[in-house]
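Mind looking over this structure? Questions follow.
The values are calculated or read from the model by the stated rules, or taken from the named source; none is laboratory data. All values derive from a computational prediction rather than experimental measurement. Ideal geometry is used to build each Cβ from the backbone, glycine not excepted, and the neighbour counts take in all protein chains shown.
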Amino acid sequence: MKFPIRFLSIVAVMAFPAGALADAPRFYVYQAVQGDTLIKLANRFLSNKNDWQTLQTHNALKEPNRISVGTAIRIPVVAMRTDPAPAVVMASKGRVESGAEPVTSGMKLREGDAIKTGDDGFVTILLADGSTIAVQAKSILRIERARQLTNTDGVLDSIVRLDSGRLETRATSASRKLLLIASPPVPRSN
């Protein structure tokens with residue numbers, strides 16, 4: 001399913017103050033099983049394995065050692081352990097650069113990388129979950145986050161920012177990833 005980015009960017013700009021898209025609270029929801037405690041869940045999912053109070057705060061649970069089976073536990077993504085999940089260039093045409101280096105098929109793109117397409121440039125990027133981003137001519141795209149949430153069976157956390165230009169995305173099932181695309185506001189026509 002193709003989504004024109006301009007439509008998505010309007011939703012993002014209306015939903016989040018300028019510059020705050022990546023900072024909006026995001027949660028991974030875990031379904032509790034027999035024997036789970038907040039201490040065990042913090043050890044499994046959080047960067048600070050001793051910070052079970054964060055889970056208690058976000059879930060309003062009074063007893064950290066008693067969680068009913070099936071309870072939906074909201075885990076703040078910002079506090080979770082992650083592993084890198086680089087994107088890969090599937091194809092490029094014309095002038096496409098990352099820094100001063102030409103972009104070529106098979107090249108890995110990591111957090112912090114920026115892609116700039118020239119007047120005749122076009123590049124297709126494959127995210128780790130199989131979603132694709134097609135960056136069109138005269139565009140600048142930054143990979144702000146390319147991560148996999150640890151111990152989640154492959155849930156991805158990706159943030160890309162379109163500084164200028166246009167792109168299209170073809171996303172896979174949204175149930176296994178957190179994909180945010182931020183772009184400049186679309187000028188209104190009067």
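If you scan region 48-100, which residues turn out to be closer than 30 Å to Ser139 by Cβ and of a type in the set (Val, Ile, Thr)?
Val77, Val78, Thr82, Val88, Val89, Val96
Out of all the residues in region 146-190, which are assigned to a loop (DSSP other than H, G, I, E, B) and modelled with pLDDT of 85 or more?
Result: Thr150, Asn151, Thr152, Val155, Gly165, Arg166.
Looking at region 118-133, which of its residues are assigned to a loop (DSSP other than H, G, I, E, B) and either under 24 Å from Tyr28 (Cα atoms) or at pLDDT below 95 (or both)? Show your work before the answer.
Step one: of region 118-133, the residues assigned to a loop (DSSP other than H, G, I, E, B) are 118-121, 127-131.
Selection gives Leu127, Ala128, Asp129, Gly130, Ser131.
Every residue, every condition in (1) modelled with pLDDT under 95; (2) surrounded by fewer than 19 Cβ atoms within 10 Å (Cβ to Cβ); (3) not aliphatic (A, V, I, L, M), yes or no:
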| residue | (1), (2), (3) |
| --- | --- |
| Val78 | yes, yes, no |
| Pro86 | yes, yes, yes |
| Lys93 | no, yes, yes |
| Val135 | no, no, no |
| Glu144 | yes, yes, yes |
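Taking the criterion of being surrounded by fewer than 12 Cβ atoms within 10 Å (Cβ to Cβ) and touching a residue at least 24 places away in the same chain (Cβ under 8 Å), would at least one residue in region 50-57 satisfy it?
no
Still on this structure, I have one more. More than 28 Å from Arg170 (Cβ to Cβ), free of Cβ contacts under 8 Å to residues at least 12 places away in the same chain, of a type outside the set (Gly, Ala, Ser) and surrounded by 14 or more Cβ atoms within 10 Å (Cβ to Cβ): does that describe Lys62? Outline the logic, then answer.
On the way: more than 28 Å from Arg170 (Cβ to Cβ): yes; free of Cβ contacts under 8 Å to residues at least 12 places away in the same chain: yes; of a type outside the set (Gly, Ala, Ser): yes; surrounded by 14 or more Cβ atoms within 10 Å (Cβ to Cβ): no.
No; evaluated as a whole, the condition is false for this residue.
Would you mind telling me which numbered condition in (1) of a type in the set (Gly, Ala, Ser); (2) out of contact with any strand residue (DSSP E or B) (no Cβ under 9 Å at 6 or more places or on another chain); (3) closer than 19 Å to Asn151 by Cα Ser47 fails?
All conditions are met except number (2).
All but one of (1) hydroxyl-bearing (Ser, Thr, Tyr); (2) under 14 Å from the mean Cα position of the chain (by Cα); (3) surrounded by fewer than 21 Cβ atoms within 10 Å (Cβ to Cβ) hold for Thr104; state the number of the condition that does not hold.
In the conditions (1) hydroxyl-bearing (Ser, Thr, Tyr); (2) under 14 Å from the mean Cα position of the chain (by Cα); (3) surrounded by fewer than 21 Cβ atoms within 10 Å (Cβ to Cβ), Thr104 misses (2) alone.
Could you run through region 110-133 and say how many residues are closer than 30 Å to Ala42 by Cα and surrounded by 15 or more Cβ atoms within 10 Å (Cβ to Cβ)? Walk me through it before giving the result.
Of the residues in region 110-133, the ones closer than 30 Å to Ala42 by Cα are 110-112, 127-131.
The next check asks that each one be surrounded by 15 or more Cβ atoms within 10 Å (Cβ to Cβ); those that pass are 111, 127-129, 131.
Number of matching residues: 5.
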